[in-house]
Structures are given as C-alpha cells and as structure tokens.
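Student: Have a look at the structure that comes next, please.
Every read-out reported here was derived from the displayed coordinates using simple, explicitly stated rules and does not represent laboratory data. Since we're looking at a predicted model, the values are computed, not measured. Counting neighbours? That spans all protein chains shown, and the Cβs are built from the backbone with ideal geometry, glycine included.
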Amino acid sequence: MTTTPAPARKVPIVCHGHSRPIVEVNYSNITPDGYFLASASKDGQPMLRHGDSGDWYGTFSGHKGCVWSCVLNGPALLCATGSADFSARVWDACTGTQLHGFQHKHIVRSTAFSHGSKLTTGGMEKMIRIFDLAQPEVAPVTLPNAEGGIRNLVWLQDDKLVLCALSDKPGINVYDTRSLQLVQTLETKAPITSVEISYDQQYMTTAEGNTVRFWDTSSLRMLKEHTLKHSAEAATYCPAKNRFAAGGEDMWVRLYDFNTGAELECNKGHHGAVHTIRFSPTYESYASGSEDGTIRIWHLDGPGS
C-alpha cells in the first residue's frame with residue numbers, strides 16, 4: 001500500500017533583535033541596492049534589514065516609547081517612525097541619522113510617505129497632519145479631525161487622496177488632499193486592523209476580524225471579500241501569483257488562494273499573535289511580525305523543510 005507523504009514543513013528565516021512585540025513591518029520598493037525591510041516594535045527600537053535575507057542593517061535610536069509605525073519612502077533613502085513618545089521622526093535610512101522630529105500631543109500610530117516630499121501622520125490625537133519634508137520648518141497642513149483614534153494611513157491616486165482607518169470604529173475615511181475635506185467613507189463591518197497598498201498601486205487589502213477585503217484603488221470599489229475560519233489581524237496580497245496571506249491571534253500564518261479563499265498553507269513557528277504581515281516587492285516571500293518579538297520571512301517555494 002502506498003501513502004502520500006505529508007507536505008514538508010516550511011522553515012522560515014527568523015529575524016531576532018527586538019525584545020518586545022513586533023507591531024508593523026514594511027518593505028521598500030526594489031532599489032538598485034536591493035530591497036529593505038523596516039520594523040516597528042514596542043521595544044522602541046525600529047530596525048532596518050535586508051529584505052531578502054533578513055540580515056540586520058541598523059537601528060534608529062532615539063524614541064523614548066513604543067514605536068508603532070516604521071515605513072520607508074520609495075527609494076528607501078528615508079525612514080519615518082511614529083511613537084508613543086508623542087513624536088514622529090524622519091531618519092536617513094543609510095546612516096541612521098535623525099533628520100526631522102515632529103512633536104505631537106498624543107501617541108502617533110501611523111506614518112506614510114507620499115510619492116513626493118510629503119509625510120502624513122496620525123494617532124490617538126485624532127488629527128491627520130501632512131508635513132512637507134522640503135520645508136520641514138513650515139507648520140503642517142491638517143485634515144478634519146477623525147471621530148476616533150487613527151490606526152492606519154495610506155496615500156492613493158498620485159497623492160490626491162489620504163485614506164484613514166480608525167482604531168475603534170468601522171469604515172475607511174477618504175480625504176481629498178486638494179480640498180482638505182472628507183469626501184467618502186468606505187463601509188466595513190468592524191474596525192480595520194490592517195491596510196496595505198500593492199506595489200503597483202492598483203489594489204488595497206484590508207483586514208477586520210476574520211474578513212479580508214480587496215479593493216480597486218482607482219475606483220475605491222471592493223473587488224472581492226473572503227471570510228476566513230481564523231482571525232486576520234493583518235493581511236497581504238500577491239497579485240502576481242493570486243495569493244494572499246493572513247495572520248492573527250492563533251499565532252499561525254496562512255496562505256490562501258485569492259480567487260477561491262481556499263487555505264493553501266498553514267505555517268507554524270510564531271509563539272504569539274501575528275500583528276503584521278507583508279509580501280516582499282519581488283512577491284517571492286512575505287514577512288510576519290509577532291507578539292513573540294520575532295520577524296519570520298516565509299518563502300513561497302521554500303527554502304528548506
């Protein structure tokens with residue numbers, strides 16, 4: 001009698017270094033020097049790594065509280081961080097030198113670079129600020145106050161829009177950066193815990209509870225929705241291979257078929273809830289960050305077993 005062998009267990013690259021939970025990971029675009037992975041942690045020490053190998057490049061030292069956000073700009077020359085020390089900071093990603101510090105009146109939960117020279121920030125102050133990094137001494141432009149604490153901010157449509165997800169209220173607010181007004185709210189059933197824009201800027205992926213939604217960024221129309229059997233605090237989409245990955249409180253990272261929602265892989269290894277997950281810009285791997293303080297990089301086709 002013959003039996004079908006069980007699929008080989010996938011072994012991720014494990015990135016140590018943080019001493020407390022990982023709350024956000026973000027990749028850069030592909031640059032002449034490769035691509036990079038930035039991570040935010042409650043240990044207050046945002047880090048930069050090589051995106052493919054996970055090798056540590058450096059730590060941006062200076063925050064005095066948990067760091068909730070850590071993002072790289074397009075060419076990966078700048079890094080922005082948002083912290084519980086009531087500040088957002090901009091760093092030289094090559095040297096680790098702080099270039100700008102922007103004081104806020106409450107915790108900064110989200111930072112996002114535009115395609116130009118702008119940086120938007122938001123958090124528990126319920127205010128969205130837009131800083132011009134070409135004129136950092138000029139007071140920021142502000143958008144109408146949100147109805148709750150801000151969890152996620154993203155730019156869309158050639159920087160004409162800023163989208164905002166709140167910590168404790170359903171929906172995604174859409175602001176026009178030309179009129180500086182709230183122009184639309186995308187309806188969701190629960191507060192959004194993860195927002196991702198694809199590298200080609202065509203798709204937005206959101207997670208709420210155990211629901212993952214996919215949106216067309218040009219029309220802001222929902223394209224597809226999958227209700228998963230497990231919680232999805234964070235989700236990431238790979239349009240090149242029609243796959244998406246999600247993770248949540250059960251500690252496992254799962255890979256799904258985009259068209260059907262069928263579970264394709266269940267990757268075990270984390271020892272705490274998965275708070276953040278992102279595909280790399282090559283779409284050959286994805287990184288997950290967990291309550292256990294580690295980042296794990298999972299390759300779609302290995303390596304190792």
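Student: Counting other Cβ atoms within 10 Å, keep those with at most 15, restrict to DSSP loop, and tell me which trypsin sites (Lys or Arg not before Pro) in segment 1-101 are left.
Tutor: Filter output for segment 1-101: R9, K64.
Student: How much length, in nm to one decimal, is gained on full extension between T260 and Y57, taken as 0.36 nm per residue of separation minus their Cα-Cα distance?
Tutor: On the way: separation 203, 0.36 × 203 = 73.08 nm, distance 3.87 nm.
Gain on stretching T260 to Y57: 69.2 nm.
Student: Calculated FRET efficiency, K160 and S19, Cβ-Cβ r, R0 41 Å, to nearest 0.05?
Tutor: The calculated FRET efficiency here is 0.55.
Student: Which value in Å is the Kirkwood Rh of segment 166-305 over different Cα pairs?
Tutor: About 15.5 Å, per the Kirkwood formula over Cα pairs.
Student: Express in whole angstrom the spacing between the alpha-carbon centres of segment 97-172 and segment 207-262.
Tutor: First find each Cα centre; the distance between them is then 25 Å.
Student: For Q103 and V11, what is the calculated FRET efficiency with R₀ set at 35 Å and r taken between the beta-carbons, to the nearest 0.05?
Tutor: Numbers: r = 44 Å, r/R0 = 1.25.
Between Q103 and V11 the formula returns 0.20.
Student: Can you list, largest first and rounded to whole Å, the semi-axes you get for the chain by taking the square root of 5 times each eigenvalue of its Cα gyration tensor?
Tutor: Semi-axes from the Cα gyration tensor: 30, 23, 17 Å.
Student: Given the pairs K118/K224; K10/K118; K42/K118, which span a C-alpha to C-alpha distance of over 28 angstrom in this model? Kindly include the intermediate steps, with their values, before the conclusion.
Tutor: Values: K118/K224 31 Å; K10/K118 40 Å; K42/K118 26 Å.
K118/K224; K10/K118, as the Cα separations exceed 28 Å there.
Student: Explain nothing, just the number: dipole magnitude of the chain about its Cα centre with +1 on each Lys and Arg Cβ and -1 on each Asp and Glu Cβ, in debye rounded to the nearest 20.
Tutor: My answer is approximately 320 debye.
Student: Then there is this: Size of the dipole of segment 155-228 about the Cα centre, Lys and Arg at +1 and Asp and Glu at -1 on the beta carbon, nothing else charged, in debye to 20?
Tutor: On the way: 7 positive and 10 negative charges, 34 e Å.
Taking the Cα centre of segment 155-228 as origin, the dipole is about 160 debye.
Student: Related question: So which lysines pass the test for K105, namely a Cα distance under 18 Å, with those fewer than 8 places away in the same chain ruled out?
Tutor: Those lysines meeting the cut-off are K64, K126.
Student: How many angstrom lie between the C-alpha centres of segment 180-204 and segment 27-56?
Tutor: If you average the Cα positions of each part, the centres end up 24 Å apart.
Student: Here is a further query. Pop a pseudo-label 7 angstrom from the Cα along the beta-carbon direction at both I30 and L182 and give the gap in nm to one decimal.
Tutor: Result for the modelled spin labels: 4.0 nm.
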